[in-house]
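Working notes, beginning with the structure itself.
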Amino acid sequence: MAKPTLAVWKFASCDGCQLCLLDLEDELLDIAGAIEIAHFAEATTAHVDGPYSVSLVEGSVTTQRELERIQSIRQQSETLVAIGACATAGGIQALKNLADVDEFIELVYATPSYIDSLQTSTPISAHVDVEIEVRGCPVNKYQLLELVGALLVGRKPDLPTYPVCIECKARGVSCVMVASGTPCLGPVTQAGCGAICPAFDRGCYGCFGPAETVNMDSLATRWRELGVDDERLLRSLRTFNAGAPGFAEAASSIETSTGG
């Protein structure tokens, strides 16, 4: 019986999420034994034509060529999974959605006419149907392992939708906002990192995007009580997941209320 085929694709991104898959090391050997890696440019030059059982897609869509390419990959993939903040929310490059891209190109590049870019950086789901999204900047390698293992046996992967605060409690980490008055996005950010930053007395940066249920108004009120101005709050929401609906809407509301 033929093995399921796995393809890993890169769009506009830093390759960090693909490297997380390679970081599985010993576990990757078991994965490789259970599937056929049909395309994974970060790991091998070998390529097998589709169709593919599963496609993992890293990166956002920022050019017309990428737009056409993701549609082709979708047609060849039984299951398509977006991995990482770029693929699920447009990534940090989605900040260009808030500015004049042509002006940026004129300022940065010696020959602007060479640059072929869309006006926006958008998640994969903005262009094709996506069965599963795995959040993070970068993704958690063990979530990738859970994802591939679940798909191999035909079950839904067990991925968290609750906030980072739950991970803090599980690790026995004191709340940095309560204990030291440190602004933290943990209450509104999806778990997945293992509460790395709070464990080192730093506030969460929102790497995994908004949790399933969040109260942005309450968070903004608490940050203001800690002396954080709206400009800093706005910048905090516009980082790795600037284009994620929960963060984008909250940032837009703050900007409107301050006349920005």
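The values are calculated or read from the model by the stated rules, or taken from the named source; none is laboratory data. Source: prediction; values computed, not measured. Glycine also receives a Cβ, built like all others from the backbone with ideal geometry; neighbour counts cover every protein chain displayed.
Can you say whether THR256 is at pLDDT below 95 and not hydrophobic (A, V, I, L, M, F, W, C), as far as the supplied structure shows?
Here the answer is yes, as THR256 does meet what is asked.
If we keep just the residues of the range 234-248 that are touching a residue at least 24 places away in the same chain (Cβ under 8 Å) and part of a helix (DSSP H, G or I), which is surrounded by the fewest Cβ atoms within 10 Å (Cβ to Cβ)?
PRO245
Looking at GLU167, GLU212, can you tell me which residue is outside any loop (DSSP other than H, G, I, E, B) and either among the acidic types (Asp, Glu) or out of contact with any Phe, Trp or Tyr (no Cβ under 9 Å at 6 or more places or on another chain) (or both)?
After ruling out the rest, the residue left standing is GLU167.
State all residues of the range 6-17 that are free of Cβ contacts under 8 Å to residues at least 60 places away in the same chain and either buried (at least 22 other Cβ atoms within 10 Å of the Cβ) or in contact with a Leu (Cβ under 7 Å, 6 or more places away or on another chain) (or both); if no residue qualifies, say none.
Within the range 6-17, VAL8 is the sole residue that qualifies.
Need the failing condition index for SER257 against (1) assigned to a helix (DSSP H, G or I); (2) polar (S, T, N, Q); (3) buried (at least 21 other Cβ atoms within 10 Å of the Cβ), just the number.
With (1) assigned to a helix (DSSP H, G or I); (2) polar (S, T, N, Q); (3) buried (at least 21 other Cβ atoms within 10 Å of the Cβ) applied to SER257, the lone miss is (3).
Which residue is nearest to CYS137 (Cα to Cα), if the candidates are limited to the range 185-202 and must be in contact with a Leu (Cβ under 8 Å, 6 or more places away or on another chain) and not in a loop (DSSP other than H, G, I, E, B)?
It comes out as VAL188.
Might you check whether a residue that is touching a Leu at 6+ places or on another chain (Cβ under 9 Å), among the charged types (D, E, K, R) and over 20 Å from VAL134 (Cβ atoms) occurs anywhere in the range 18-38?
Checked the range 18-38: at least one residue is touching a Leu at 6+ places or on another chain (Cβ under 9 Å), among the charged types (D, E, K, R) and over 20 Å from VAL134 (Cβ atoms).
Check off (1) more than 18 Å from SER125 (Cβ to Cβ); (2) part of a helix (DSSP H, G or I); (3) of a type outside the set (Lys, Arg) for GLU66 and give me the number that stays unchecked.
(1)
In the range 128-145, which residues are surrounded by fewer than 17 Cβ atoms within 10 Å (Cβ to Cβ) and either outside any helix (DSSP H, G or I) or more than 17 Å from the chain's Cα centre (by Cα) (or both)?
Listed by number, the residues that qualify are ASP129, GLU131.
Given the criteria under 27 Å from SER60 (Cα atoms), of a type in the set (Ser, Thr, Tyr) and in contact with a Phe, Trp or Tyr (Cβ under 8 Å, 6 or more places away or on another chain), does THR161 qualify?
no
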